[in-house]
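One structure follows; several queries about it will come next.
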Amino acid sequence: MDQVGTQEKLPFSRAVQISIRSMKIRLGRSIVTLSGIVLGIAFLMSNLVSQLILDAVKEEREHRQTVGLMQAVFHSEVGSIAEKQITAVVYGEMKAAEKMFLDNLGGLTSGQIQIIRQGAALPETSDVMIVLGQDPRAAHSLAQLTAGLPDKLVLDALGTRDYSGDTPVDVRRELFFSEQTAERRAELAKERKEATFRTIWIVIISVFVTMISVSNALLMSVTERFREIGTMKCLGALSSFIRTLFLIESSLLGAAGSAVGVLIGILLPMVIYGFTYNFGVIAGSMDYPLLGLCAVVAVIIGTVLSVAAAIYPARVAANMVPADALRSTV
Amino acid sequence: MTTQTETVDQIFDAASSSRHSGFVIRSVDIRRVYQMGDSETHALRGVTLDIERGEYMSIMGPSGSGKSTFFNMIGGLDKPTAGKVYIDQVDIAQLDPYELAWLRCRKVGYIFQSFNLIQVMSCLENVMLPMSFAGLDSEKARDKAMDILDKVGLGDRALHKPQEMSGGQQQRVAIARSLANSPDILLADEPTGNLDLRTGEEIIELFVKLRDDLGVTIITATHDLKMLRASDRVVWIDDGLITKVTTPDEMNIEISEIH
Ligand SMILES: Nc1ncnc2c1ncn2[C@@H]1O[C@H](COP(=O)(O)OP(=O)(O)OP(=O)(O)O)[C@@H](O)[C@H]1O
Ligand SMILES: [Mg+2]
């Protein structure tokens with residue numbers, strides 16, 4: 001052991017052990033740091049979830065409006081549907097509102113409604129003919145569709161639908177709901193654009209606030225330990241060991257804090273908006289895959305921010321001359 | 001710690017037996033300039049000093065004369081602006097970070113003027129820390145740390161945090177920590193400054209025993225007369241320069257002359 005030896009690197013498991021012990025020792029301080037992370041991520045997540053809820057509620061409301069309109073037209077044209085045989089021909093995929101309309105109708109008239117997909121044969125006779133789906137190319141001609149109908153009326157959900165063959169003069173084709181005028185369409189597009197812009201803006205602001213909150217929490221917890229880092233270096237800790245220590249500590253704190261923050265950020269807006277709107281509506285029309293994606297992204301953001309915010313000052317402190325690190329007071 | 005000094009050998013393992021004579025530390029014309037904005041402080045202005053193995057040396061000097069700065073230089077905690085420091089004939093400026101860490105961990109024990117205990121850790125954990133850096137497993141480290149704490153009279157306080165302790169007790173924890181890895185060299189910056197007469201004497205006794213039995217080289221900064229008397233040499237520093245080197249006997253004469 002004469003002359004000078006080489007300091008061995010401590011195994012990673014030992015570093016994990018030491019950093020967990022160090023977090024336990026300063027439990028109170030760890031909780032303060034943790035709540036900084038929780039707060040930041042909860043803020044980000046609750047903003048994201050609020051947007052998701054508002055989108056879901058808005059979409060739900062639009063559907064209901066459309067369905068209401070469809071039902072109104074249907075009733076004014078058809079009147080009472082008692083005893084009537086209804087045929088619904090579906091071309092392509094139906095919009096959510098069309099499905100909802102059909103469901104409502106089906107609930108009222110079980111057995112009275114017959115749904116015909118694209119290629120299937122039409123029934124011999126029926127009293128009411130409705131055409132749904134978003135495919136503009138109809139497989140049948142209007143003459144075929146109205147062959148078994150007494151009043152030659154077709155209720156169509158798509159104004160731009162192109163029927164094959166000639167249109168007989170006695171056939172009346174009515175639209176289910178008023179087509180949007182070009183002005184209204186432009187207005188809606190503008191609204192949607194504004195909403196998207198607002199969402200992006202809120203997300204950017206949230207990410208910034210989260211960044212500041214999380215990095216502040218971690219920065220404080222590291223800089224107040226500069227002296228401690230200096231002491232550890234004087235006692236023979238390697239710089240790499242100190243970096244490892246803070247890497248472990250900050251990633252554990254970051255992941256745990258983000259997970260809790262995500263949970264709070266989901267539950268809080270759910271409860272608050274749940275009172276204003278309706279839990280069922282929110283739960284039913286929520287975009288769950290997008291919610292999951294947001295949660296994962298928020299946890300990653302929280303963890304990466306924590307590690308970045310801790311590792312930079314820890315690296316600076318670890319590379320300092322021990323005598324200087326000892327003197328620094330924060 | 002009154003009756004326990006005979007077990008010092010047990011704390012210090014066989015590693016210390018391989019010491020041989022010669023200069024353990026040599027400083028050659030070391031200078032240290034602190035740059036603070038536009039102003040410069042010349043804390044050391046060219047200090048050349050050879051310290052023998054197993055020597056007990058005291059450093060005297062007024063406040064701000066550069067004692068702590070000198071300790072930082074010869075302990076490998078700071079780099080001189082100019083000049084060289086050799087520990088065991090090795091120029092420490094040539095050491096890589098791993099060797100420097102090894103040196104700080106095992107070769108040198110530090111007792112800092114401001115203790116530098118880790119506030120959130122208990123005394124026991126503070127003393128165990130250098131041992132864990134040396135790779136000692138927790139069980140062994142705990143036993144050894146308890147032994148050393150007993151030695152400085154703090155066995156019953158091992159689980160207290162530094163804030164809960166008096167200045168003198170904290171100083172003794174700092175002393176215990178410096179002995180954690182059985183160092184060859186002990187750098188003690190005013191180790192008895194906060195201790196009462198009795199405890200101070202016990203620490204001096206411990207130092208003398210470490211030197212006599214184990215050949216530990218001890219360098220202290222102190223104003224404590226008892227400590228100066230126990231040492232082999234007294235080095236006087238003023239304004240970053242060594243003004244004289246005396247033996248305690250010569251110093252006694254000077255002090256009696258003053259009085
Ligand atoms: N990190 C530093 N930055 C700037 N100046 C410093 C620094 N460390 C020490 N000094 C200056 O260097 C000089 C010597 O300081 P040092 O701490 O070595 O004195 P000292 O002899 O230990 O004093 P004391 O007996 O009060 O502990 C002082 O003038 C001090 O102001
Ligand atoms: Mg000093």
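Could you work out Rg/(2.2 N^0.38 Å) for chain B, with Rg from alpha carbons only?
Numbers: Rg = 17.9 Å, N = 259, 2.2 N^0.38 = 18.2 Å.
Against the compact-globule rule of thumb, the ratio is 0.99.
Separate question: How large is Rg/Rh for chain A, to two decimals, with Cα atoms and a Kirkwood Rh?
On the way: Rg = 32.3 Å, Rh = 25.2 Å.
That ratio is 1.28, to two decimals.
Here's something else I'd like to know. For A:Ala96 and A:Arg21, what does the FRET efficiency come to when R0 = 51 Å and r is the distance between their Cβ atoms, rounded to the nearest 0.05?
Working: r = 55 Å, r/R0 = 1.08.
Result of the calculation: an efficiency of 0.40.
Something else: Top mean-square fluctuation among A:Ser164, A:Ser50, A:Ser250, Gaussian network model of chain A, C-alpha springs under 10 Å?
Maximum fluctuation in the GNM of chain A, among the listed residues, is at A:Ser164.
How much accessible area per residue does the protein assembly as shown have, in Å², with a 1.4 Å probe?
On the way: 27500 Å² over 589 residues.
Roughly 47 Å² per residue, with all protein chains present.
Longest segment of chain A with no GluC sites (Glu not before Pro) in a DSSP loop having at most 15 other Cβ atoms within 10 Å? Working shown, then result.
Working: sites that count: A:Glu8, A:Glu83, A:Glu93, A:Glu124, A:Glu179, A:Glu224.
Between the exposed loop sites, the longest stretch runs A:225-330.
Accessible area drop of at least 50 Å² (1.4 Å probe, protein heavy atoms): which residues of region A:219-251 qualify, relative to the chain alone?
Those residues are A:Thr231, A:Cys234, A:Leu235.
In addition: Calculated FRET efficiency, A:Thr167 and A:Ala120, Cβ-Cβ r, R0 22 Å, to nearest 0.05?
Plugging the Cβ-Cβ distance into 1/(1 + (r/R0)^6) gives 0.50.
Once the principal axes of the Cα atoms of region A:60-183 are found, what is the range along each, listed largest first in whole angstroms?
37, 36, 25
Among the complete DSSP H segments of chain A, which ones combine at least 20 Å of alpha-carbon extent along their axis with a mean Kyte-Doolittle hydropathy of -1.0 or more?
On the way: long enough: A:27-78 (72 Å, 0.58); A:182-223 (60 Å, 0.55); A:239-276 (54 Å, 1.56); A:288-319 (46 Å, 1.71).
Length and hydropathy pass: A:27-78, A:182-223, A:239-276, A:288-319.
Report, for chain B, the % of DSSP beta bridges that are antiparallel, rounded to 5. Could the numbers behind the result be given before it?
Details: 23 of 40 bridges.
Of those bridges, close to 60 percent are antiparallel.
Grab the DSSP H runs of chain B that are 4 residues or longer, score each as -39,500 (n - 2.57), total them, divide by all residues and round the 222 nm result to the nearest 500 deg cm²/dmol. Write out the running numbers ahead of the final one.
Numbers: 9 runs with 90 residues, N = 259.
For chain B, the value works out to -10000 deg cm²/dmol.
Hey, got the dipole for the protein assembly as shown? About the Cα centre, +1 on K and R Cβ, -1 on D and E Cβ, debye to the nearest 20? Display every interim value, and only then the final one.
Values: 57 positive and 69 negative charges, 76 e Å.
Roughly 360 debye, rounded to the nearest 20.
To continue, here is another question. In vacuo Debye scattering of region A:201-242, one point per C-alpha: log10 I(q)/I(0) at q = 0.14, 0.25, 0.28, 0.33 Å⁻¹?
Rounded to two decimals, the profile gives -0.48, -0.80, -0.89, -1.00.
Another question about this same structure. Of the options B:Gly75, B:Ile203, B:Pro248, report the single residue whose Cα projects farthest towards the positive end of the charge dipole of the protein assembly as shown (beta-carbon charges: Lys, Arg +1; Asp, Glu -1).
The one lying farthest along the dipole's positive direction is B:Gly75.
Now for a different question. Provide the net charge surrounding B:Leu195, with neighbours chosen by a C-beta distance below 13 Å and charges set as Lys +1, Arg +1, Asp -1, Glu -1.
Values: positive: B:Arg172, B:Arg198, B:Lys226; negative: B:Glu190, B:Asp196, B:Glu201, B:Glu202, B:Glu205, B:Asp224.
Neighbourhood net charge equals -3.
Next question, about the same structure. Tally up the carbon and sulfur contribution to the accessible surface of region A:60-183 as a whole percent, 1.4 Å probe, everything protein left in place. Working shown, then result.
Values: 3250 of 6580 Å².
Heavy-atom surface of region A:60-183 belonging to carbon and sulfur, 1.4 Å probe: 49 percent.
Per the 1.4 Å probe, what fraction of the accessible area of chain B, in percent, lies on carbon and sulfur atoms?
C and S atoms contribute 49 percent here.
Using 0.36 nm per residue of separation minus the Cα-Cα distance, give me the extension gain between B:His223 and B:Ser114 in nm, one decimal.
Values: separation 109, 0.36 × 109 = 39.24 nm, distance 1.58 nm.
Roughly 37.7 nm would be gained on extension.
With a 1.4 Å probe on protein heavy atoms only, work out how much accessible surface B and A bury together, total over both chains, in Å² to the nearest 100. Display every interim value, and only then the final one.
Working: alone 12240 and 18480 Å², together 27500 Å².
That pair hides around 3200 Å² of surface in total.
Ok, one more. Over the protein assembly as shown, what per residue volume does the convex hull of the Cα atoms give, in whole Å³? Before the final figure, lay out the partial values.
Values: hull volume 135.4 nm³, N = 589.
Normalising the Cα hull of the protein assembly as shown by residue number yields 230 Å³.
Here's something else I'd like to know. Tell me, in nm to one decimal, what length is gained between B:Glu40 and B:Glu139 on full extension, where the rule is 0.36 nm per residue of separation less the Cα-Cα distance? Let's see the in-between values first.
On the way: separation 99, 0.36 × 99 = 35.64 nm, distance 4.84 nm.
So the chain would gain 30.8 nm between B:Glu40 and B:Glu139.
What percent antiparallel are the DSSP beta bridges of the protein assembly as shown, to the nearest 5?
40 percent
Now for a different question. Taking 30 Å as R0, compute the FRET efficiency from the Cβ-Cβ separation of A:Val296 and A:Ser35 and round it to 0.05.
Values: r = 22 Å, r/R0 = 0.73.
Efficiency, rounded to the nearest 0.05: 0.85.
What does the net charge come to around A:Leu132 if you take all other residues with beta carbon closer than 13 Å to its beta carbon, with K and R at +1 and D and E at -1?
With Lys, Arg at +1 and Asp, Glu at -1, the net is -1.
Something else: Springs between alpha-carbon pairs under 10 angstrom, Gaussian network model over chain B: which of B:Arg198, B:Arg104, B:Arg233 fluctuates most?
B:Arg198
Right, something else. Classify region B:157-210 from the C-alpha gyration tensor, please: rounded if a/c falls under 1.5, else prolate or oblate depending on whether a/b exceeds b/c.
Numbers: a/c = 1.99, a/b = 1.26, b/c = 1.58.
In terms of gyration-tensor shape, oblate.
The values are calculated or read from the model by the stated rules, or taken from the named source; none is laboratory data. Keep in mind that this is a model prediction, so the values were computed, not measured. Every residue, glycine as well, gets a Cβ built from its backbone with ideal geometry; the counts of neighbours run over all protein chains shown. Surface areas here come from the heavy atoms of the whole protein model, side chains and all, with no ligands, DNA or RNA. Shrake-Rupley method; radii C 1.70, N 1.55, O 1.52, S 1.80 Å.
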